[in-house]
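Below you'll find the structure, written out as structure tokens, and then a few comments.
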Amino acid sequence: MTPKNTICLWYDGAALEAAKFYAETFPDSAVGRVHYAPADYPSGKEGDVLTVEFTVIGIPCLGLNGGPAFKHNEAFSFQVATGNQAETDRLWNAVVGNGGEESACGWCKDKWGLSWQITPRALIAAIEDPDSAAAKRAFEAMMQMGKIDIAMIEAARHG
């Protein structure tokens, strides 16, 4: 059954490669059906992979091999809540280490240009701390980071 709402992500011929990477990297992720073009189209030929159904952390997605016309940007990202530093490190390193790039405050991009926020739950708790001074210290510490270091966030939070 087709989900009622699916996120469609545009790729330049790499939808299947990206879907396989996400399925190998993120929990509750899988590659579903692959659809092939029934005829030539502006950025491909009959028989090329046209779309790929996949799930990323339980979210239904459709990868569309639409060609080079549109690029991913930070206006869309997946925010992944992590439970500890090991999970944070594993996911961050997988995205960045597979041709991606680091950014700031827990953000990184995969090699296809899709943005990811690898966000420890401890960071969210720290910046939502009812003690506004503690939240400010944690937020200011986060602003200096690429990959989030939970120990440094907690140290800042507790002064």
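Every number here is computed from the coordinates shown, using simple stated rules; none is lab data. In this text, all values refer to a predicted model and were calculated from it rather than measured experimentally. No Cβ is skipped: glycine too gets one built from the backbone with ideal geometry, and neighbour counts run over all protein chains shown.
Which three semi-axes in whole Å describe the equivalent ellipsoid of the stretch 1-52, each the square root of 5 times a Cα gyration tensor eigenvalue, listed largest first? Walk me through the intermediate numbers first.
Numbers: eigenvalues 93, 37, 18 Å².
That gives 22, 14, 10 Å for the three semi-axes.
For the stretch 72-159, what does the relative contact order come out to in percent, with C-alpha contacts under 8 Å and a separation of six or more? Numbers along the way, then the final one.
On the way: 160 pairs, mean separation 26.7, N = 88.
30 percent.
Give, as a single signed number, the net charge of other residues whose beta carbon lies under 13 Å from the beta carbon of PRO130, with Lys and Arg counted +1 and Asp and Glu -1.
Its environment carries a net charge of -1.
Lys/Arg Cβ at +1, Asp/Glu Cβ at -1, dipole of the stretch 1-68 taken about the Cα centre: which of ALA18, VAL34, VAL56 is farthest positive-ward?
Ranked along the dipole, the leading option is VAL56.
Below 11 angstrom from the Cβ of ALA15, what's the summed charge of the other residues (Lys, Arg +1; Asp, Glu -1)?
Charge balance near ALA15 sits at -3.
Determine the dipole magnitude for the stretch 1-68: charges of +1 sit on the beta-carbon of Lys and Arg, -1 on that of Asp and Glu, nothing else is charged, the reference point is the Cα centre, and the result goes in debye to the nearest 20.
The dipole of the stretch 1-68 has a size of about 180 debye.
Relative to the Cα centre, what is the charge dipole magnitude of the stretch 59-159, using +1 at the beta carbon of each Lys and Arg, -1 at the beta carbon of each Asp and Glu, and rounding to the nearest 20 debye?
Using Cβ point charges on Lys, Arg, Asp and Glu, the stretch 59-159 gives about 220 debye.
For a quick check: sort PHE70, PHE21, PHE54 by the number of other beta carbons within 10 angstrom, fewest at the front. Show your work: numbers first, answer last.
Numbers: PHE70 11, PHE21 21, PHE54 25.
The order, fewest Cβ neighbours first, is PHE70, PHE21, PHE54.
Any idea how far apart LYS136 and HIS72 come out in nm if each label point goes 7 Å out from Cα toward Cβ?
Output for this residue pair reads 3.6 nm.
Taking the number of other C-beta atoms within 10 Å as the exposure measure, put VAL95, VAL34 in order starting with the fewest.
VAL34, VAL95
Report, in listed order, any pair from LYS45/LYS147; LYS109/LYS136; LYS71/LYS136 with a Cα-Cα distance greater than 31 Å.
LYS45/LYS147; LYS71/LYS136
Can you tell me the relative contact order of the stretch 1-68? Whole percent, Cα pairs under 8 Å, sequence separation 6 or more.
On the way: 143 pairs, mean separation 28.5, N = 68.
With pairs under 8 Å counted, the relative contact order is 42 percent.
What is the fewest-to-most order of VAL49, VAL56 by other Cβ atoms lying within 10 Å of their Cβ? Please list the in-between numbers first.
Working: VAL49 20, VAL56 23.
Result, fewest neighbours first: VAL49, VAL56.
Can you tell me the Rg and Dmax of the chain, counting just the alpha carbons, in angstroms?
Using the Cα atoms of the chain, the pair Rg, Dmax is 18.2, 63 Å.
Below 8 Å, C-alpha to C-alpha, sequence gap of six or more: please give me the relative contact order for the chain in percent.
18
Hey, in the GNM for the chain with a 10 angstrom Cα cutoff, which one of GLN117, GLN79, GLN144 fluctuates hardest?
GLN144
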